[in-house]
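The values are calculated or read from the model by the stated rules, or taken from the named source; none is laboratory data. From a predicted model like this one, the values you see are computed outputs, not experimental measurements. Cβ coordinates were reconstructed from backbone atoms using ideal geometry, including for glycine residues, and neighbour counts include every protein chain displayed. Note: accessible area is taken over every heavy atom of the protein model, side chains too, but ligands, DNA and RNA are not part of it. Shrake-Rupley method; radii C 1.70, N 1.55, O 1.52, S 1.80 Å.
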Amino acid sequence: YQLLPNDLALLDAQQLKNNLENEYEDYLWTPRITFAGLFDVPDKFGETLYQSPVIALGIDFLSDESIQFKIWDLEHKLVDGSLMNKKNEILVSEPLANRLHLSQGSKVTFIGSTMYGGFTTYNYIVSGIFNLNIGPISRDMVLIDLEGARLALDMDDAASEILGYDKEI
């Protein structure tokens with residue numbers, strides 16, 4: 001449980017989301033994947049230079065209907081780089097970036113487990129560094145687009161949870 005496994009993930013997430021949208025029209029429904037693992041930062045020869053545990057959130061940032069950048073107010077919370085625009089790009093918390101000596105364009109490898117319990121590695125590129133100003137909670141945090149998380153974790157059409165946001169907000 002400490003590695004936030006997704007072996008009990010919600011399957012057929014799109015259908016579940018559609019059902020929720022039909023039944024509760026006053027809410028914006030969005031899937032999310034919460035997971036943990038290890039980040040490996042290579043040197044110029046591909047050998048491990050730095051490593052750190054990470055807590056990652058796979059959020060639907062890049063779909064056409066997404067308002068997650070606005071909800072998270074990430075444009076104002078970036079301290080370096082830019083917002084992600086590809087599924088293999090990530091945003092890294094400032095404390096984690098400092099600890100791993102990361103900057104925009106840095107390459108990192110996620111090491112963890114799939115929702116089926118298998119070993120996985122996936123390469124990401126740092127597009128930006130953020131500071132949410134929420135203390136230790138975000139110390140090891142990484143934000144990833146939902147589809148980039150699904151690829152890394154073998155979670156096609158699956159999610160850890162589906163969140164509802166009041167459309168009035």
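Do we have Leu163 as part of a loop (DSSP other than H, G, I, E, B) and either open to solvent by 60 Å² or more (accessible area, probe 1.4 Å) or at negative phi (or both) here? It would help to see each step written out before you state the result.
On the way: part of a loop (DSSP other than H, G, I, E, B): no; either open to solvent by 60 Å² or more (accessible area, probe 1.4 Å) or at negative phi (or both): yes.
Criteria not met by Leu163.
What number of residues within the range 60-73 are farther than 21 Å from Asp157 by Cα and touching a helix residue (DSSP H, G or I) at 6+ places or on another chain (Cβ under 8 Å)?
Step one: list which residues in the range 60-73 are farther than 21 Å from Asp157 by Cα, which gives 69-73.
When the remaining residues are screened for being touching a helix residue (DSSP H, G or I) at 6+ places or on another chain (Cβ under 8 Å), the result is 69.
Qualifying residue count, the range 60-73: 1.
Residue by residue through the range 125-152, note down the ones that are open to solvent by less than 10 Å² (accessible area, probe 1.4 Å) and within 11 Å of the chain's Cα centre (by Cα).
Once the filter is applied, which keeps residues that are open to solvent by less than 10 Å² (accessible area, probe 1.4 Å) and within 11 Å of the chain's Cα centre (by Cα), the range 125-152 yields Val142, Leu143, Ile144, Asp145, Leu146, Gly148, Ala149, Ala152.
Name the residues in the range 22-52 that are touching an Asp or Glu at 6+ places or on another chain (Cβ under 6 Å) and under 24 Å from Met155 (Cα atoms), would you?
Across the range 22-52, the qualifying residues are Trp29, Thr30, Arg32.
Looking only at the range 29-59, how many residues end up being open to solvent by 20 Å² or more (accessible area, probe 1.4 Å), closer than 21 Å to Leu146 by Cα and touching a helix residue (DSSP H, G or I) at 6+ places or on another chain (Cβ under 6 Å)?
Matching residues across the range 29-59 total 1.
Can you pull out the residues in the range 65-79 that are open to solvent by 20 Å² or more (accessible area, probe 1.4 Å) and either closer than 26 Å to Leu8 by Cα or without any contact (Cβ under 8 Å) to a residue 24 or more places away in the chain (or both)? Outline the logic, then answer.
So in the range 65-79, the residues open to solvent by 20 Å² or more (accessible area, probe 1.4 Å) come out as 65-67, 69-73, 75-79.
Within the range 65-79, Glu65, Ser66, Phe69, Lys70, Asp73, Glu75, His76 meet the criteria.
Given the options Leu8, Leu62, name the one that is closer than 21 Å to Leu151 by Cβ and either exposed (fewer than 13 other Cβ atoms within 10 Å of the Cβ) or free of Cβ contacts under 8 Å to residues at least 40 places away in the same chain (or both).
On the way: Leu62 fails: either exposed (fewer than 13 other Cβ atoms within 10 Å of the Cβ) or free of Cβ contacts under 8 Å to residues at least 40 places away in the same chain (or both).
After applying the criteria, what remains is Leu8.
Pick from Ser82, Ser103: which is touching a Gly at 6+ places or on another chain (Cβ under 6 Å) and surrounded by fewer than 16 Cβ atoms within 10 Å (Cβ to Cβ)? So that I can check it myself, show each step before the final result.
Working: Ser103 fails: touching a Gly at 6+ places or on another chain (Cβ under 6 Å).
Step by step, each of Ser82, Ser103 is checked, and only Ser82 is touching a Gly at 6+ places or on another chain (Cβ under 6 Å) and surrounded by fewer than 16 Cβ atoms within 10 Å (Cβ to Cβ).
Search the range 114-139 for residues that are at positive phi and pair each with any residue that is open to solvent by 80 Å² or more (accessible area, probe 1.4 Å) and assigned to a loop (DSSP other than H, G, I, E, B) when their beta-carbon atoms are under 7 Å apart and the residues are at least 6 apart or on different chains.
Matching pairs, first to second residue: Gly117/Asp7.
Among the numbered conditions (1) exposed (fewer than 12 other Cβ atoms within 10 Å of the Cβ); (2) under 17 Å from the mean Cα position of the chain (by Cα); (3) touching a residue at least 12 places away in the same chain (Cβ under 8 Å), tell me where Asp26 comes up short.
(2)
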